[in-house]
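Structure, as structure tokens:
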Amino acid sequence: MQGLVIRMNVQVNKFYEELADYYHLIFEDWDSSIKRQAGVMNNLLIPETSGKPLRILDCACGIGTQSIGLAMLGHQVVASDLCEAAVLRARTEAQRRGLTVTFHVSDMTSLREVTDSGFDVVVAMDNALPHLSPGQLGQAAKAIASKLRSGGLFLANIRDYDALILERPRVQAPAFYGAPGNRRIVHQVWDWDAYAGEGSGHVLHVYITVESEEGWKSHHFVSTYRCLLRQELSEALSAAGFEDVRWLMPAETGSYQPMVWARLSPSSTLLGPN
Ligand SMILES: C[S@@+](CC[C@H](N)C(=O)[O-])C[C@H]1O[C@@H](n2cnc3c(N)ncnc32)[C@H](O)[C@@H]1O
């Protein structure tokens, strides 16, 4: 007899609202990751710069991992995210580091609240795009195109769902961080059977178990990810007016996820997200 499968309708925004204060704990050392990821992106952006700082929009900034790193490298950064708690934290983290970054709460399917446009680069890093349904992905690609200058660049990285959809892993093995008295264990459970969204995907359980003077305490956060395949994203970008869409694999970039690099056609006539 088959076990009961409970399909979950999970609110992505609730996940990030709850996670905002804990998000940095997913990394062994968040500050090192901020610097490392900015370096990876900057290597790809250097050919665009001619020595000048770039105007960059980070449209899925979360708590600021990439926007802070890019601002530290001297770029002019505007950052937005759907999650208000994450944006508030990102603003605090940027101020704490003496950085000037303009933040907005904005859904990347419209980017309505981002009043600037003509950016040299838009980024959406660390698997933000697989939170979107196919329809939302098309809207986001158009909104991103509408914020770029002619010939501007879009950079995003996503998990390797082309491989993961076949492997269907059930856990991400625990990572042990910290020193005695201040340790933590971070692990994930991926429940493929509970996914209730469009196409294939999984419910994501993130567990952050933290040691303190009072003992160990486990925090549990639940979200959902759709398996966004590389071809679907390439097609959405082409439909939105990107003419040169390339996939760069981790061995080439140093990123831990495949990265899409796409240039908006100089002749793109898109004026807005819809
Ligand atoms: C895995 S997190 C990555 C955050 C950040 N880039 C980082 O690496 O720390 C994905 C982010 O995408 C954001 N997100 C999801 N759907 C969104 C949407 N429709 N518009 C804007 N942001 C969205 C979430 O709120 C979350 O902050």
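So the values come out like this:
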item	result
Residue identified as crowded, with 21+ Cβ neighbours inside 10 Å and away from the ligand (no atom under 13 Å from the Cβ) among Ala71, Ala60, Ala38	Ala71
Filter result for the condition that a residue is near the ligand (Cβ under 10 Å from one of its atoms), touching a strand residue (DSSP E or B) at 6+ places or on another chain (Cβ under 7 Å) and modelled with pLDDT of 95 or more, over Ala145, Ala85, Ala94, Ala124	Ala124
Residue among Leu164, Leu137, Leu228 that is within 16 Å of the ligand (Cβ to nearest atom), under 24 Å from Met259 (Cβ atoms), assigned to a loop (DSSP other than H, G, I, E, B) and touching a residue at least 24 places away in the same chain (Cβ under 8 Å)	Leu228
Residues located in the stretch 241-252, provided they are touching a residue at least 12 places away in the same chain (Cβ under 8 Å) and either of a type in the set (Gly, Ala, Ser) or exposed (fewer than 15 other Cβ atoms within 10 Å of the Cβ) (or both)	Gly241, Glu243, Asp244, Arg246
Criterion violated by Gly152 - all others in (1) within 12 Å of the ligand (Cβ to nearest atom); (2) out of contact with any Pro (no Cβ under 7 Å at 6 or more places or on another chain); (3) outside any helix (DSSP H, G or I); (4) over 30 Å from Asp29 (Cα atoms) satisfied	(1)
One residue from Ser255, Ser238, Ser234 being in the same structural domain as Gly152 (by TED's automatic domain parsing) and buried (at least 18 other Cβ atoms within 10 Å of the Cβ)	Ser255
Condition met for Leu204 (in contact with an Asp or Glu (Cβ under 6 Å, 6 or more places away or on another chain), at pLDDT 95 or above and of a type outside the set (S, T, N, Q))	no
Where Leu88 falls short, out of the listed (1) touching a helix residue (DSSP H, G or I) at 6+ places or on another chain (Cβ under 8 Å); (2) surrounded by fewer than 20 Cβ atoms within 10 Å (Cβ to Cβ); (3) closer than 16 Å to Asn13 by Cα	(1)
Options Ser267, Ser218: the member that is exposed (fewer than 15 other Cβ atoms within 10 Å of the Cβ) and in a strand (DSSP E or B)	Ser218
Failed condition for Ala143, given (1) in the same structural domain as Val186 (by TED's automatic domain parsing); (2) touching a residue at least 12 places away in the same chain (Cβ under 8 Å); (3) among the hydrophobic types (A, V, I, L, M, F, W, C)	(1)
Hits in the stretch 159-192 - residues which are surrounded by 12 or more Cβ atoms within 10 Å (Cβ to Cβ) and among the acidic types (Asp, Glu)	Asp160, Asp162, Asp191
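Conditions tested, residue by residue: (1) farther than 25 Å from Leu248 by Cβ; (2) at pLDDT 95 or above.
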| residue | (1), (2) |
| --- | --- |
| Glu167 | no, yes |
| Arg183 | yes, yes |
| Thr209 | yes, yes |
| Glu213 | yes, no |
| Ser218 | yes, yes |
| Val222 | yes, yes |
| Arg226 | no, yes |
| Leu229 | no, yes |
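The values are calculated or read from the model by the stated rules, or taken from the named source; none is laboratory data. Because the structure is predicted, anything quoted here is derived from the model rather than measured. Neighbour counts are summed over all protein chains in view; Cβ atoms, including those assigned to glycine, are modelled from backbone coordinates with ideal geometry.
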